[in-house]
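> Sharing a structure with you now.
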Amino acid sequence: MRVLVFGREGKVGAVLMRSLAAAGHDVRGVEVGEPVDLKGIEAAVDFTTPAAVLGNALAALAAGVPCVIGTTGLGDDDLVQLDRQARDLKTQCFVAANFALGAVLMMRFAAEAARSFPQAEIIELHADTKLDTPSGTAKATAAGMGGDVPIHSVRLPGLVAHQEVILGGLGETLTIRHDTTSREAFVPGVLLALDRVRGLPHGLTFSLDKLL
Ligand code: NAP
């Protein structure tokens, strides 16, 4: 598939440029400030910044190009706008707060455990270069657990993406933890999304869970 990666030189973007090509895709990349040529592009992937992602995705969808978005920090209004644009243009927009399989399972297990424990808190830990707080994964985890879950954010050099969900009950705690130790962890999820995006219903589809 001919794929355009927004954020070619970013920490995730650079990994995707190599890995999508190794998987047989014809990959082009765009960095901030460069002209965007969408002619012949079959899908766009965005791992950029909260400020850039909406403009990139709306431009791709306007050209009828389905989008796979990993950038976090999109608000509810942004998601509504992406859904409307994709529906109007009869194309697809897939957004996932986390493309790592283990993180998706962590969110599932946390939602299940929240039904049995009265209280829980989330600690999410990321590199100090991450622009949004709390992380999209933490917000999605809290939403899946019923919403009212305090989130603590740690930003330090040396971290990639980590999260602990600690549930407390009478005389016991349960901790569910996921660690992303390398950005290669996001590659299988992005490849799966690229494989499936054109077959999704028109409009927005949110979460890797929907593809598993
Ligand atoms: P990063 O290293 O800062 O990379 C972002 C890249 O996007 C930079 O190279 C940046 O260029 C570029 N960029 C900014 N505006 C652009 C534009 N308009 N067009 C094209 N490129 C543009 O960040 P990262 O760690 O790779 O993460 C990127 C995003 O993905 C973040 O929102 C992060 O939270 C998210 N993320 C999501 C997942 C997931 O599984 N969903 C996993 C990891 C990360 P400059 O440096 O020149 O500004």
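The values are calculated or read from the model by the stated rules, or taken from the named source; none is laboratory data. All values derive from a computational prediction rather than experimental measurement. All Cβ positions, glycine included, derive from the backbone under ideal geometry; neighbour counts span all protein chains shown. Just so you know, the surface numbers come from the protein's heavy atoms only, side chains and all, with ligands and any DNA or RNA stripped out. Shrake-Rupley method; radii C 1.70, N 1.55, O 1.52, S 1.80 Å.
> Of all residues in the stretch 1-14, which are assigned to a helix (DSSP H, G or I) and under 15 Å from the mean Cα position of the chain (by Cα)? Show your work before the answer.
Quick first cut of the stretch 1-14, residues assigned to a helix (DSSP H, G or I) only: 11-14.
The answer is Lys11, Val12, Gly13.
> Can you tell me how many residues within the stretch 20-61 are assigned to a helix (DSSP H, G or I) and either open to solvent by less than 60 Å² (accessible area, probe 1.4 Å) or of a type in the set (Ser, Thr, Tyr) (or both)? Steps first, please.
We begin by selecting, within the stretch 20-61, every residue assigned to a helix (DSSP H, G or I); these are 20-22, 53-61.
Remaining after also requiring either open to solvent by less than 60 Å² (accessible area, probe 1.4 Å) or of a type in the set (Ser, Thr, Tyr) (or both): 20-21, 53-61.
Count: 11.
> Report, ordered by the first and then the second residue, all pairs with beta carbons closer than 9 Å, sequence separation of six or more or different chains, a first member in the stretch 157-186 that is touching a residue at least 60 places away in the same chain (Cβ under 8 Å) and within 13 Å of the ligand (Cβ to nearest atom), and a second member that is open to solvent by 80 Å² or more (accessible area, probe 1.4 Å) and not aromatic (Phe, Trp, Tyr).
Gln163/Arg177; Arg183/Lys11; Ala185/Leu101
> Can you pull out every residue in the stretch 116-139 that is small (Gly, Ala, Ser) and part of a helix (DSSP H, G or I)?
Within the stretch 116-139, Gly136, Ala138 qualify.
> Still on this model: How many of the residues in the stretch 18-50 are near the ligand (Cβ under 7 Å from one of its atoms) and either under 19 Å from Leu194 (Cβ atoms) or hydrophobic (A, V, I, L, M, F, W, C) (or both)?
4
> Filter the stretch 105-138 down to the residues that are β-branched (Val, Ile, Thr), within 16 Å of the ligand (Cβ to nearest atom) and surrounded by fewer than 20 Cβ atoms within 10 Å (Cβ to Cβ), then identify the one that is farthest from Glu164 (Cα to Cα).
Thr129
> Kindly indicate whether Ala143 is surrounded by 23 or more Cβ atoms within 10 Å (Cβ to Cβ), in a helix (DSSP H, G or I) and free of Cβ contacts under 8 Å to residues at least 40 places away in the same chain. Steps first, please.
Values: surrounded by 23 or more Cβ atoms within 10 Å (Cβ to Cβ): no; in a helix (DSSP H, G or I): yes; free of Cβ contacts under 8 Å to residues at least 40 places away in the same chain: yes.
The answer is no for Ala143.
> Determine, yes or no, whether Gly136 is over 16 Å from Met106 (Cβ atoms) and not aromatic (Phe, Trp, Tyr).
No.
> Would a scan of the stretch 188-204 turn up a residue that is in a strand (DSSP E or B), on the phi > 0 side of the Ramachandran plot and away from the ligand (no atom under 16 Å from the Cβ)?
The initial filter retains those residues of the stretch 188-204 that are in a strand (DSSP E or B), namely 203-204.
Adding the requirement that they be on the phi > 0 side of the Ramachandran plot leaves 203.
Filter once more, so that each one left must be away from the ligand (no atom under 16 Å from the Cβ): 203.
So far as the stretch 188-204 goes, yes, one or more of its residues are in a strand (DSSP E or B), on the phi > 0 side of the Ramachandran plot and away from the ligand (no atom under 16 Å from the Cβ).
> Separate question: Could you tell me whether any residue of the stretch 168-175 is among the small types (Gly, Ala, Ser) and in a strand (DSSP E or B)?
Going residue by residue through the stretch 168-175, those that are among the small types (Gly, Ala, Ser) are 168-169, 171.
Checking which are in a strand (DSSP E or B) leaves us with 168-169.
For the stretch 168-175, residues among the small types (Gly, Ala, Ser) and in a strand (DSSP E or B): present.
> Return yes or no: is Thr141 under 15 Å from the mean Cα position of the chain (by Cα), within 16 Å of the ligand (Cβ to nearest atom), modelled with pLDDT of 95 or more and not assigned by TED's automatic domain parsing to the domain that holds Gly203? Walk me through how you get there before you give the answer.
Working: under 15 Å from the mean Cα position of the chain (by Cα): yes; within 16 Å of the ligand (Cβ to nearest atom): yes; modelled with pLDDT of 95 or more: yes; not assigned by TED's automatic domain parsing to the domain that holds Gly203: yes.
Yes, satisfied.
> Cβ-Cβ below 7 Å, separation at least six or inter-chain, first residue in the stretch 64-83 and within 9 Å of the ligand (Cβ to nearest atom), second among the hydroxyl-bearing types (Ser, Thr, Tyr): which pairs?
Qualifying pairs under 7 Å: Thr71/Thr48; Thr71/Thr49; Thr72/Ser135.
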